[in-house]
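The structure appears below as C-alpha cells.
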Amino acid sequence: MKESVCLFPGSFDPVTNGHMDVIRRAAKIFDRVIVGVLHNPDKQGLFSVEQRVAMLKKACADIPQAEVIAYGGLLADLTREKNIRVVIRGVRGTGDLESETAMARINGQLDPGLETLLLPASPGCGEISASMVRQLAQFGADLKPYVPRAVLRDIRKMYAANRKTGEE
C-alpha cells in the first residue's frame, strides 16, 4: 500500500499550539506529515528559518510521522519536487477560509491535481496566531497556553535578548 503524505506549510514564527493541533490531527490521517518552514526573503521573521526548524523539531519530537524541512519559493514547486498531492491548512475563521481557499485554487492551477485539505481550528485554538504570540511575548505575558512547552524557553530567551538590545 502506498504511503500517504501531506505537507503543512507555514512560516511558524513562532510555532504555536494551533500549529501543533493541525500537525497532530494530520498525523492521525496521513502516514507522514511534512512540516514545511517557509523562507520568504521579502519578509523579516523574528526567528531565523534555522531557529524555526529547530523549534518545530523539538515540538514534534513525540510525533513520529512528522518531518520538518525548510523551503523557499513556490509551494507548488515543493509539492512537485517531493511528489506530495495534499496540502493541509488550518482555518481559524472566515478570513482564513477566504484566503486559504484562494491560495488552494492558485496552487491547484500551478500544480494540477494538488488538493488542499482545510482543517477548522479545534476548540481553544481559534484565537491563537503567531502574531498574537509575538505581541504577548513582547510584553512579557504568560505564553504557556499558546505555545508548545518544548519551545517556551526558546521564545522567552529571544524576547529577553531583544529587550536588552532594544529590538522587537
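The values are calculated or read from the model by the stated rules, or taken from the named source; none is laboratory data. Source: prediction; values computed, not measured. Please note: Cβ atoms are built from the backbone with ideal geometry, for glycine as well, and neighbour counts cover all protein chains shown.
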Take Arg156 and tell me if it is in contact (Cβ under 8 Å) with a residue 12 or more places away in the chain and in contact with a Pro (Cβ under 9 Å, 6 or more places away or on another chain). no
Could you go through segment 98-105 and let me know if any residue there is surrounded by 19 or more Cβ atoms within 10 Å (Cβ to Cβ), farther than 30 Å from Pro145 by Cβ and not charged (D, E, K, R). no
Got at least one residue in segment 22-32 being buried (at least 23 other Cβ atoms within 10 Å of the Cβ), in contact with a Pro (Cβ under 9 Å, 6 or more places away or on another chain) and at pLDDT 95 or above? no
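Residue by residue, here is whether (1) more than 19 Å from Ser11 (Cβ to Cβ); (2) touching a residue at least 60 places away in the same chain (Cβ under 8 Å); (3) part of a strand (DSSP E or B) holds:
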| site | (1), (2), (3) |
| --- | --- |
| Ile69 | no, no, yes |
| Arg89 | no, yes, yes |
| Gly108 | yes, no, no |
| Glu127 | no, no, no |
How about segment 6-46: which of its residues are charged (D, E, K, R) and either in a helix (DSSP H, G or I) or over 15 Å from Ala59 (Cβ atoms) (or both)? Asp21, Arg24, Arg25, Lys28, Asp31, Arg32, Asp42, Lys43
If we scan segment 13-28, do we find a residue that is touching a residue at least 40 places away in the same chain (Cβ under 8 Å), out of contact with any Ser or Thr (no Cβ under 6 Å at 6 or more places or on another chain) and among the polar types (S, T, N, Q)? yes
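Here's the yes/no breakdown for (1) surrounded by 14 or more Cβ atoms within 10 Å (Cβ to Cβ); (2) among the hydroxyl-bearing types (Ser, Thr, Tyr); (3) at pLDDT below 95:
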| site | (1), (2), (3) |
| --- | --- |
| Val37 | yes, no, no |
| Asn40 | no, no, yes |
| Gln44 | no, no, yes |
| Phe47 | yes, no, yes |
| Leu56 | yes, no, no |
| Gln65 | yes, no, no |
| Asp77 | no, no, no |
| Val86 | yes, no, no |
Hits in segment 12-53 (condition: over 19 Å from Ala76 (Cα atoms) and of a type in the set (Lys, Arg)): Arg24, Arg25, Lys28, Lys43, Arg52
Testing Glu50 on (1) closer than 25 Å to Arg149 by Cβ; (2) in contact with an Asp or Glu (Cβ under 8 Å, 6 or more places away or on another chain); (3) not basic (Lys, Arg), one condition comes back false. Which one is that? (2)
Scanning segment 89-139 residue by residue, those of a type in the set (Lys, Arg), at pLDDT 95 or above and in contact with a helix residue (DSSP H, G or I) (Cβ under 8 Å, 6 or more places away or on another chain) turn out to be Arg89
Do we have any residue at all in segment 43-58 that's among the acidic types (Asp, Glu), in contact with a strand residue (DSSP E or B) (Cβ under 8 Å, 6 or more places away or on another chain) and under 22 Å from Arg153 (Cα atoms)? yes
